[in-house]
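Colleague: Before I ask anything, let me first share the structure, which is written out below as structure tokens.
The values are calculated or read from the model by the stated rules, or taken from the named source; none is laboratory data. These figures come from a predicted structure and were not determined experimentally. Reconstructed Cβ throughout: ideal geometry from the backbone, glycine too, with neighbour counts over all protein chains shown. Heads up: the accessible areas ignore ligands, DNA and RNA and are worked out on the full protein's heavy atoms, side chains in. Shrake-Rupley method; radii C 1.70, N 1.55, O 1.52, S 1.80 Å.
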Amino acid sequence: MRMRPAGEKPYIIKNEYRSGGRQVYWYEGKNSSAIVAEFHAQLMLGKKLMMVSDSKRFIKKLERALNDGSAIDDSDETPESAEDRKLRVWAIHSENSGSEENVIFIREINIAIKDIDAFLITPSLSSGVDISSYHFDAVFGVFHAVSQSATECAQQLWRYRPDVPMYVWVAPRPPFGYAETNARRIKERILQTNEMTAFLIRINRETGKRGAEKDWALDASCQIEGQRNWSINNLRADLRSLLEEMGNTIAPVGDATDEGASRWMKAAGIAIDEEHNRLVANAKDIDRRTYAARQHQDYLKPEEVLECEKFRIQDTYGMSVTPELVEQDDGGRLIKKIVALEAILDAPGEMVADDQGREFVPPPAIVTERDKSERERLAICTDWSNHSTAWLMRHRLGLRAVLMDLMSGVEIKGDEAMIQALAEFSKRNASHVKGILNLTIPLSESALWILGQFLWQLGLSTESRRPMEDGQRVRYYRLNPDNVEFIQKVLDYRQRQREDRERKRQESLERDAVYAARMQAQYGINPPSIPTFNESGDNNWGGMDTDPELSDYWWEWVKYYARLAIERVEYGVESVKELLSVLTSDERCGVMLEFEDLDPEKFAQLVTDAPQWTEWMG
């Protein structure tokens, strides 16, 4: 409203329409097994059903289990044969929502659903899509309190407009912990995590209080986030209250669980993971240029996704891709942990002081470069990773000294002074550790347990032994040797990559300097500047990429046109000028340079006939 003219009266329309009157069977079990069993049972009775969920993983597991044709309970009393259990299942989630067949399916959704028995969808089915024609006998909803508020869950349930019964299960609590609901604390966390990197930071000169450039906008955003987090934290109660408010009848089913359905879904999840690991390892190899090009495509075919995943893993770890490595990578989570370990193991910068005399320890260059490159790549962003802040927290914990000993093979018992100091500091600053490292530190836990949580965040695990000392068993802990060996190989590979990049950068600078001096000495013109290559695959600054593969391609292109220019000299100066007109400025300079190297005599002839040729370079 502050952006509107003063004195202007707003005209607000509040939509209070409620589409109620449905029978909602409410499940309150600790897991979704009971509602899954009911869903499967109704399908076996020949009913057409629709399942909505906020979890892609859940939908994929249910799709796999239904398509396998296996029953939840394969006892002798089951009358249906495997052939009779064959269902027509259609699922839409983030991995396939952009496919050609799903685009067509969604466009004609009221007709397309007539040919299916079970329709499984996630929020990837875009808003504005609704099913108005009657086909499904009931709507099921399974919500895990991860990403959707109560109103968003209700919108999913009401994608199907006809008045049919609903079956709903909501997780009793968020699986990954409760999110902050206080808008003031959310704002403080945003400002705190950006303290070292100064995202849109404004400091009040009178009070010294930190804030954002558009403080009112940040306040509004934090209030909205707080309200949404409250709904997700209390999704079971909030969604039930919303459904009652809309005029629906809630019929409690109970809190029972179904062990058969749990095993059924667990087996499907294991099968999905094993198949994914095998398919990635066996996918076709692609080069970096193909991988970079595919990152900008709206949709990739399943086999293209697998090829890109294989390239990412191979490029990340420098190893041949096996199903075991794909499983260990865990969708890219492992390398993030290793990168954090690499950062804390590296030596920090020299102590610096600000204008007020306060001293700070700056992060290593590899950390600051990551933050810097992220800000250059994502200039307009409110949730950068803030690697420097995470590094600073681990540094203040004293984690580096502990890790240096553990990585060298030292064993610990847990009563060492530095381990106790780390645990005490963690407990005193538990709120900051939670806000920056997203790690909850219970005050009742031991020092070894707390250290284990920090090690887990860095991709490390421990093993123990219990030798006899003075007639008693004493437990010693050390890092898992196989784990350390694997991580050390990855760290060495990353170091070699950095050294290769720096060597290529220096060679490129030397070539550019020689090239510039030659152009200036021979022709009296400065070569066009060539911006550095952005390793993310984007070249936001224009100009020519200096990636080795792209650079080789560029020079081949230049040589090709240089040979054409040599042939056109016989047809006159205008013919050569016309050929060069289709090229960019840097390409024209490169062609003329290559022209002189390939055929100095014809180049001299061209210079004699067209002494003003340097003007063509502009």
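Colleague: Using a 1.4 Å probe and ignoring any ligands, DNA or RNA, find the accessible area of T290 and quote it in Å² to the nearest 10.
Modeller: 50 Å²
Colleague: May I ask which residue of M351, N233, F486 lies farthest towards the positive end of the charge dipole of the chain, with charges of +1 (Lys, Arg) and -1 (Asp, Glu) on Cβ and the Cα centre as origin?
Modeller: N233
Colleague: So for the pair Y178, D273, with labels modelled 7 Å out along Cα→Cβ, what separation do we get in nm?
Modeller: So the label points at Y178 and D273 sit 3.0 nm apart.
Colleague: To the nearest 10 degrees, how steeply does helix 447-457 sit against the main Cα axis of the chain, on a 0 to 90 scale?
Modeller: Helix 447-457 and the main axis of the chain meet at about 60 degrees.
Colleague: With θ set to phi - 60° and the Karplus curve 6.51 cos²θ - 1.76 cosθ + 1.60, what are the ³J(HN,Hα) couplings of the stretch 474-487 in order, to the nearest whole Hz, using x for Gly and Pro?
Modeller: Coupling constants for the stretch 474-487: 10, 8, 10, 10, 8, 5, 4, x, 5, 4, 5, 4, 4, 5 Hz.
Colleague: While we're here: In the calculated pair distance distribution of the stretch 345-440, what percentage of Cα-Cα distances lie above 19 Å? Provide the component values of the computation, followed by the final result.
Modeller: Numbers: 2517 of 4560 pairs.
Beyond 19 Å sits 55 percent of the P(r) for the stretch 345-440.
Colleague: Run the 1.4 Å probe and let me know the accessible area of C308, rounded to the nearest 10 Å².
Modeller: Surface accessible to solvent at C308 totals approximately 10 Å².
Colleague: For Y560, Y178, give the ranking by accessible area with the largest first, probe 1.4 Å.
Modeller: Working: Y560 110, Y178 135 Å².
Heavy-atom accessible area, descending, gives Y178, Y560.
Colleague: Give, as a single signed number, the net charge of other residues whose beta carbon lies under 10 Å from the beta carbon of S231, with Lys and Arg counted +1 and Asp and Glu -1.
Modeller: Working: positive: R228; negative: E152, D238.
Net charge in that neighbourhood comes out at -1.
Colleague: Related question: How large is the dipole of the chain about the Cα centre if only Lys and Arg carry +1 and Asp and Glu carry -1, each at its Cβ, rounded to the nearest 20 debye?
Modeller: Numbers: 80 positive and 102 negative charges, 498 e Å.
About 2400 debye.
Colleague: Enter the angle in degrees (range 0 to 90, nearest 10) between the Cα long axis of helix 417-428 and the first principal axis of the Cα atoms of the chain, meaning the one along which they spread out most.
Modeller: Orientation of helix 417-428: about 70 degrees from the principal axis.
Colleague: With both bridge residues required to lie in the chain, what share of the DSSP beta bridges run antiparallel, to the nearest 5%? It would help to have the intermediate numbers written out before the result.
Modeller: Numbers: 12 of 40 bridges.
Taking every DSSP beta bridge within the chain, about 30 percent pair in antiparallel fashion.
Colleague: Mean separation of Cα pairs under 8 Å and 6+ residues apart, divided by the residue count of the stretch 404-508: what relative contact order is that in percent?
Modeller: Numbers: 77 pairs, mean separation 27.0, N = 105.
Rounded, it is 26 percent for the stretch 404-508.
Colleague: For Cα pairs less than 8 Å apart in space and 6+ apart in sequence, what is the mean separation divided by the residue count of the chain, i.e. the relative contact order in percent?
Modeller: Numbers: 714 pairs, mean separation 70.0, N = 618.
Contact order relative to length: 11 percent.
Colleague: Here's another thing I want to ask about it. Of V573, V490, which has the most accessible area and how do the rest follow, probe 1.4 Å? Each step should come with its number before you reach the end.
Modeller: On the way: V573 35, V490 0 Å².
Descending order: V573, V490.
Colleague: Over 19 Å between C-alpha atoms is what I'm after, so list which of K56/K266; K187/K427; K56/K337; K47/K114; K30/K427; K47/K86 land there. It would help to have the intermediate numbers written out before the result.
Modeller: Numbers: K56/K266 15 Å; K187/K427 23 Å; K56/K337 24 Å; K47/K114 13 Å; K30/K427 31 Å; K47/K86 13 Å.
Violating the 19 Å limit, Cα to Cα: K187/K427; K56/K337; K30/K427.
Colleague: Something else: What value, in deg cm²/dmol to 500, does the helix sum -39500 (n - 2.57) over DSSP H runs of n ≥ 4 give at 222 nm once divided by the residues of the chain?
Modeller: Details: 24 runs with 312 residues, N = 618.
Per the formula, -16000 deg cm²/dmol.
Colleague: For helix 33-44, what angle does its Cα long axis make with the longest principal axis of the chain, in degrees from 0 to 90 and rounded to 10?
Modeller: Rounded to the nearest ten degrees, it is 90.
Colleague: Turning to a different aspect of this structure: Under a 1.4 angstrom probe, counting protein chains only, how are S431, S149, S373 ranked by accessible area, largest first? Kindly include the intermediate steps, with their values, before the conclusion.
Modeller: On the way: S431 85, S149 10, S373 50 Å².
These residues rank, largest area first, as S431, S373, S149.
Colleague: Would you grab the residues whose amide H sits under 5 Å from the one on A138? Only those 5+ places off in sequence or on another chain, please, with H modelled 1.01 Å from N.
Modeller: Residues meeting the amide H criterion: M50.
Colleague: In debye, nearest 20: dipole of the stretch 107-186 around its Cα centre with unit charges on the Cβ of K, R (+) and D, E (-)?
Modeller: The calculation lands at about 400 debye.
Colleague: Can you give me the relative contact order of the stretch 262-409 as a percent, contacts being Cα pairs under 8 Å and 6 or more apart?
Modeller: Details: 101 pairs, mean separation 24.7, N = 148.
It rounds to 17 percent for the stretch 262-409.
Colleague: Let me spell out the model: positive unit charges on the Cβ of Lys and Arg, negative unit charges on the Cβ of Asp and Glu, origin at the Cα centre of the stretch 300-443. What dipole size does that give, in debye rounded to 20? Show your work: numbers first, answer last.
Modeller: Working: 18 positive and 25 negative charges, 100 e Å.
Roughly 480 debye for the stretch 300-443.
Colleague: How would you order 395-408, 436-449 from highest to lowest mean count of nearby Cβ atoms within 10 Å?
Modeller: 395-408, 436-449
Colleague: What is the pair-distance distribution P(r) of the chain, computed from all Cα-Cα distances in 20 Å bins starting at 0, with each bin given as a whole percent?
Modeller: 14, 37, 34, 14, 2, 0
Colleague: Continuing with the same structure: So if we plug the beta-carbon distance of N483 and L583 into 1/(1 + (r/R0)^6) with R0 = 51 Å, what FRET efficiency do we get, rounded to 0.05? All intermediate terms of the calculation are to be shown ahead of the outcome.
Modeller: On the way: r = 54 Å, r/R0 = 1.05.
Efficiency computed from Cβ-Cβ geometry: 0.40.
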